[in-house]
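The values are calculated or read from the model by the stated rules, or taken from the named source; none is laboratory data. This structure is a prediction, so every number in the text was calculated from the model and none was measured. FYI the Cβ positions are ideal-geometry reconstructions off the backbone, even for glycines, and counts take in every protein chain you see.
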Amino acid sequence: MADQDEQLKKIIAHAKEYGFVYPSSEIYDGLSATYDYGPLGSELKNNIKSFWWKSMVQYHENVVGIDAAIFMHPKTWKASGHIDAFNDPLIDNKDSKKRYRADVLVEEWVQKIEKKIQKEVDKAAKRFGDAFDETQFRNTNDRVLANLEKIDGANERFKTAMEQNDLADIKQLIIDLDIADPLSGSKNWTDVRQFNLMFSTEMGSTAEGADTVYLRPETAQGIFVNFLNVQKTARMKIPFGIAQIGKAFRNEIIARQFIFRMREFEQMEMQFFVRPGEELEWYEKWKKERLKWHHAIGIAKERYRFHDHTNLAHYANAATDIEYEFPFGFKELEGIHSRTDFDLKKHQEFSGKKLQYFDPEIGENYVPYVVETSIGLDRMFLAVLSHSYGQETLEDGSQRMVMRIPHFLAPYKVAVLPLLKKDGLPEKAREVLGELKFDYNCQYDEKDAIGKRYRRQDAIGTPFCITVDHQSLEDNTVTLRDRDSMQQERVSIAVLQQLLREKVTAPKLN
Ligand code: ATP
């Protein structure tokens, strides 16, 4: 745990020092759970967005994009259920004065018991060696079974209490499970209260009678209300998808863990409209497709896993999370949900407008079913950052800080460096830069010794450095240095474009 905290702290410090992410309004001591992306951060973020957009919209004939407003008619949120039910149950500890989400406290208790079970399994595996059958052990060992029963009991009780809005029983559950404040160890809890996560503001002047409007807590509703607009104007036939990237806002009760949980964040969402009855088939397809996207980025596959939901939201008939192993453990990075026809039907009901599709192939009108893929851009950014961050000891014993950002996502693809600041080398280097800058984001640097400049580029994740030296003036060749292997090769300036194209182009997903 301490190591994990340490790792996250290092990443946060590095992100700030090199201009990836700053605390928001830092000169006023920051604003809780809001962050600003600096020069390198905004490039990396744009590259992730562009990869997602291309993979979803450009590579799929039947997916188109939109960019809806953040403000929406207030009835939208009544219809979607956010006004009545987008709540988290919160509880305060009277001694530490710290606030917690009751569901998270229960979830962490479950994880603790699951760890106990795992310990039991690991111990037995050691004892029995090759003959060990884990499934049999889990199904028959008394201690494991007793703990599993405890977990099921707690989950079931929590679910029922939430469904019946029985907040007193949620508090009682926390007491019965003997849950203590993780920071102070105190078990002195307040009552549980529901807390709506939507931010609201006023639209229009008070004289006209201002209306309460909300900052959207998810981008999906902008897609639902535009379903027919898009279907008609883009001449889409079911099955088809609508994709969108945009800001969302949630007044999170506790927002720790850097950009993992923010109050203002960005989502990349796609709603895929299908014939009723075909949704589970599409759900499986999109699960595969999205995992393929993650794997194409080049991060180790073991750092991803699916976590299928057993407690489904009222609008879903299947749901899973793609979890990523962040420095603080496996956590949700993306959600894939089969949302049935819940949202479109609700908007039909509240707006009084038909949101139906006439399917010429079967000659029927229906409200389509929806499969959603929803990924947090900032969480993806943190996944890339934590995958890339590394400290290495080199053969000569010296240390090197290197950000192994996948080439196609790196903020700068190339740094162009004249070996010396004289003898016509800067002029030649600028010539090379002039040829590359229209295709690649490049950096020019002539300050300090070359070794120091290489280290600077390693620390910001630039995959290639081009060094212009005296030989370059004679034969139009330069050295190309690879960030990861630190190998250098002599190449002709004439082939640089082609070489880089092969090395820094985004993967093409079919
Ligand atoms: P969590 O359980 O972590 O609160 P969620 O299940 O409420 O997340 P969804 O409503 O499914 O999240 O939103 C889709 C995606 O949006 C999430 O997978 C996550 O990547 C991202 N996301 C949600 N809330 C936040 C937040 N507060 N900060 C950053 N990203 C977020």
### Task
Restricting attention to region 249-279, report how many residues are in a loop (DSSP other than H, G, I, E, B), buried (at least 21 other Cβ atoms within 10 Å of the Cβ) and of a type in the set (A, V, I, L, M, F, W, C).
1
### Query
Does region 449-462 contain any residue that is in contact with a Phe, Trp or Tyr (Cβ under 7 Å, 6 or more places away or on another chain), outside the structural domain of residue 55 (by TED's automatic domain parsing), not in a loop (DSSP other than H, G, I, E, B) and not hydroxyl-bearing (Ser, Thr, Tyr)?
yes
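Filter region 250-276 down to residues that are charged (D, E, K, R), out of contact with any Leu (no Cβ under 6 Å at 6 or more places or on another chain) and within 8 Å of the ligand (Cβ to nearest atom) and give me whichever is modelled with the lowest pLDDT.
Keep residues of region 250-276 that are charged (D, E, K, R), which gives 250, 252, 256, 261, 263-264, 266, 269, 275.
Cutting the leftovers down to out of contact with any Leu (no Cβ under 6 Å at 6 or more places or on another chain) gives us 252, 256, 261, 263-264, 269, 275.
Among the residues that remain, those that are also within 8 Å of the ligand (Cβ to nearest atom) are: 252, 261, 263, 269.
Values: 252: 92, 261: 96, 263: 96, 269: 98.
Among residues in region 250-276 that are charged (D, E, K, R), out of contact with any Leu (no Cβ under 6 Å at 6 or more places or on another chain) and within 8 Å of the ligand (Cβ to nearest atom), the one modelled with the lowest pLDDT is 252.
Picking from 140, 190, 212, which residue would you name as being modelled with pLDDT under 95 and either surrounded by 11 or more Cβ atoms within 10 Å (Cβ to Cβ) or closer than 26 Å to residue 262 by Cα (or both)?
Only one candidate passes the filter, namely 212.
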### Query
What residue, among those in region 283-310 that are hydrophobic (A, V, I, L, M, F, W, C) and in a loop (DSSP other than H, G, I, E, B), is farthest from residue 382 (Cα to Cα)?
300
### Query
With respect to the numbered conditions (1) loosely packed, with under 15 Cβ neighbours inside 10 Å; (2) without any contact (Cβ under 8 Å) to a residue 60 or more places away in the chain; (3) not assigned by TED's automatic domain parsing to the domain that holds residue 60, which one is the sole condition not fulfilled by residue 304?
(1)
### Summary
The residue from 112, 54, 78, 97 that alone is outside any helix (DSSP H, G or I) and surrounded by fewer than 18 Cβ atoms within 10 Å (Cβ to Cβ) is 97
#### Entry: Residue among 381, 438 that alone is of a type outside the set (Asp, Glu) and exposed (fewer than 13 other Cβ atoms within 10 Å of the Cβ)
438
